[in-house]
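Asks: Can you keep this structure in mind? I'll have questions shortly.
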Amino acid sequence: MKKLWIGLAVVAILIAAPFVVGKVYDGWGTSYYGQVGEASSRQPSKDDQGTIQGYYYVYHIKGYDKDGKSRMLTVNTMGDKKFTKGHYIKILWTAAKGVKNYEGVKWSAVPQKAQNHLRH
């Protein structure tokens, strides 16, 4: 019976370890909210041999966290798609990876302290 409990504890630790390490490593990230402006550039997306596979757009967005603290963020679109100017965006940023992901949001989803810095 003691071996069973030890085995279960080891399995639990192995399952929990990546989450704990991830939390310590990048803190799951900070959400920043910003408003989309003009794309600063359109860049080629290349494979390992340097062949152009498509294009992406680069945006420099000033984002605000839930406490109203700002950070300049560089966001690259996926594929040859542009963001819609004036729309609001939620950007997940981590110290380890920079911009981790992004999604469009409605004004009502933007925290009040971030709204204070954005136009509506």
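Asks: Out of (1) modelled with pLDDT under 95; (2) under 30 Å from SER108 (Cα atoms), the odd one out for TYR64 is which?
Replies: Of the numbered conditions (1) modelled with pLDDT under 95; (2) under 30 Å from SER108 (Cα atoms), the odd one out for TYR64 is (1).
Asks: Hey, another quick one. So which residues in the stretch 30-70 are assigned to a strand (DSSP E or B), out of contact with any Phe, Trp or Tyr (no Cβ under 6 Å at 6 or more places or on another chain) and charged (D, E, K, R)?
Replies: Hits for the stretch 30-70 are LYS46, LYS62.
Asks: Would it be correct to say that LYS97 is at pLDDT 95 or above, open to solvent by 80 Å² or more (accessible area, probe 1.4 Å) and among the charged types (D, E, K, R)?
Replies: Taking the combined requirement at face value, the residue does not satisfy it.
Asks: Next question. Within the stretch 55-83, track down each residue that is more than 18 Å from the chain's Cα centre (by Cα) and surrounded by fewer than 13 Cβ atoms within 10 Å (Cβ to Cβ).
Replies: ASP80
Asks: For residues in the stretch 95-120 being within 16 Å of the chain's Cα centre (by Cα) and part of a loop (DSSP other than H, G, I, E, B), which is nearest to ARG71 (Cα to Cα)?
Replies: ALA95
The values are calculated or read from the model by the stated rules, or taken from the named source; none is laboratory data. As the structure is a prediction and not an experimental result, all values here were calculated from the model. Backbone-built Cβ (ideal geometry, glycine too); neighbour counts: all protein chains shown. The area values use the complete protein model at the heavy-atom level, side chains included, leaving out ligands, DNA and RNA. Shrake-Rupley method; radii C 1.70, N 1.55, O 1.52, S 1.80 Å.
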